[in-house]
Amino acid sequence: MNFESGNFGQGGQDLCAVELTYHGKLGETFVEFALNRAHRLSLNGWISIQPEGVKVAAQGPEALVDAFEIVCSLGPIDADIIDWHRSDIAAGVNHTGFERR
């Protein structure tokens, strides 16, 4: 079955890995929210609360990693994301799964 329609959907399947750092009023609810979304999108990586903010390493198809970044920037209702930073990293974040560190 072919689901392609012109250029739509092409290029987003390439594997990518990124490191994201979110700043603002985040806390435990944000971490649980991000973990849930990463599992739902079948991404590999980890999330950690650090002094400078919540740091995330995510790896998967480019389109899903991009979707994860955007949904986390919106966050759960009680989070207030002020800004975030994204940088590309080498693939190999985690072999499988998404974990909390």
task: For the range 51-58, state whether one or more residues are at pLDDT 95 or above and open to solvent by 20 Å² or more (accessible area, probe 1.4 Å).
output: yes
- Message: Among the residues in the range 30-39, are any open to solvent by 40 Å² or more (accessible area, probe 1.4 Å) and either part of a loop (DSSP other than H, G, I, E, B) or at pLDDT below 95 (or both)?
- Response: no
Result of the Cβ filter at 7 Å on the range 20-49, keeping first residues that are touching a residue at least 60 places away in the same chain (Cβ under 8 Å) and partners that are of a type in the set (Asp, Glu), at least 6 apart or interchain, is Leu20/Glu69; Thr21/Glu52; His23/Asp83
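The values are calculated or read from the model by the stated rules, or taken from the named source; none is laboratory data. Here the structure is a predicted model, which is why all the values come from computation and not from measurement. Heads up, the Cβs are rebuilt from the backbone with ideal geometry, glycines too, and the neighbour counts pull from every protein chain shown. Note: areas computed on protein heavy atoms with side chains; ligands, DNA, RNA excluded. Shrake-Rupley method; radii C 1.70, N 1.55, O 1.52, S 1.80 Å.
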